[in-house]
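Let me begin by presenting the structure, written as structure tokens, before commenting on it.
The values are calculated or read from the model by the stated rules, or taken from the named source; none is laboratory data. Since we're looking at a predicted model, the values are computed, not measured. Backbone-built Cβ (ideal geometry, glycine too); neighbour counts: all protein chains shown.
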Amino acid sequence: MRTHVALLRGINVGGSGKVPMAELRRLLAERGFTDVATYIQSGNVVLTSTDPEPATVAAAVEEVLREDFAVPRPVVVFGREEYLAAVEANPFPQVTEPKQLHVVFRAAPPDDAELARLDAAVTIERTKGGQEDAAVVGRVVYLHLPDGIGRSALAVRVSAKTTAADGGGTVRNWATVRKLAELLG
């Protein structure tokens, strides 16, 4: 058995993609997942599976969303060790305000074109005198956004230009990232 973190993109946000967490937990348990727990309403799931492959777990959760809720959304899954390593790899440890640090969890690492767009977005930010920054470690993109994500030109540039199959992944603020790490034990 292997523990995973499943991050559902665009769930219960802005009145669309409604997925009741209690119902999601029940349906995942019916499909053989165990120790299913959710954190807040925005699609954060910790579960245990007999399948060690994150991509297979992601496909199974996507199937539940599509078939049982009619909400086709990408799901990004990290195994416990990979998730905890991503938390430890935080390239912005000096950021103590959780709303200033966001993490984009990806199904796959950004390709060369995506990395070039990210570098260009950071360069534009620097040229304008901004303090926002980004760093990539594997399939995780860390965004340091001193004024928060709602006012971030960098976040807009990064998300608006993605062509990745996972839609560019799914974003969580640092408080949520840490809470999920706690749930992993």
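GLU114 passes every criterion in (1) charged (D, E, K, R); (2) within 15 Å of VAL141 (Cβ to Cβ); (3) in contact with a strand residue (DSSP E or B) (Cβ under 8 Å, 6 or more places away or on another chain) apart from (3).
For segment 13-49, the candidate set comprises residues that are among the polar types (S, T, N, Q) and at pLDDT 95 or above; within that set, the residue that is surrounded by the most Cβ atoms within 10 Å (Cβ to Cβ) is SER49.
When THR96, THR56 are checked against the criterion of being surrounded by fewer than 15 Cβ atoms within 10 Å (Cβ to Cβ), free of Cβ contacts under 8 Å to residues at least 24 places away in the same chain, at negative phi and assigned by TED's automatic domain parsing to the domain that holds SER152, a single residue qualifies: THR96. Selection within segment 69-93: residues that are touching a Ser or Thr at 6+ places or on another chain (Cβ under 8 Å) and not β-branched (Val, Ile, Thr). The member of this set that is surrounded by the most Cβ atoms within 10 Å (Cβ to Cβ) is PRO74.
The set of residues in segment 65-93 being out of contact with any Pro (no Cβ under 8 Å at 6 or more places or on another chain), farther than 17 Å from ALA181 by Cβ and in contact (Cβ under 8 Å) with a residue 12 or more places away in the chain consists of ASP68, PHE69, VAL71, ARG73, PRO74, VAL75. Taken as a whole, the condition of being part of a loop (DSSP other than H, G, I, E, B), modelled with pLDDT under 90 and not assigned by TED's automatic domain parsing to the domain that holds VAL61 applies to GLY167. On the stretch given as segment 70-108, residues that are within 30 Å of LEU27 (Cα to Cα) and not in a helix (DSSP H, G or I) total 17.
Restricting segment 22-36 to residues that are of a type in the set (Asp, Glu) and part of a helix (DSSP H, G or I) leaves a set whose member that is nearest to ARG66 (Cα to Cα) is GLU23.
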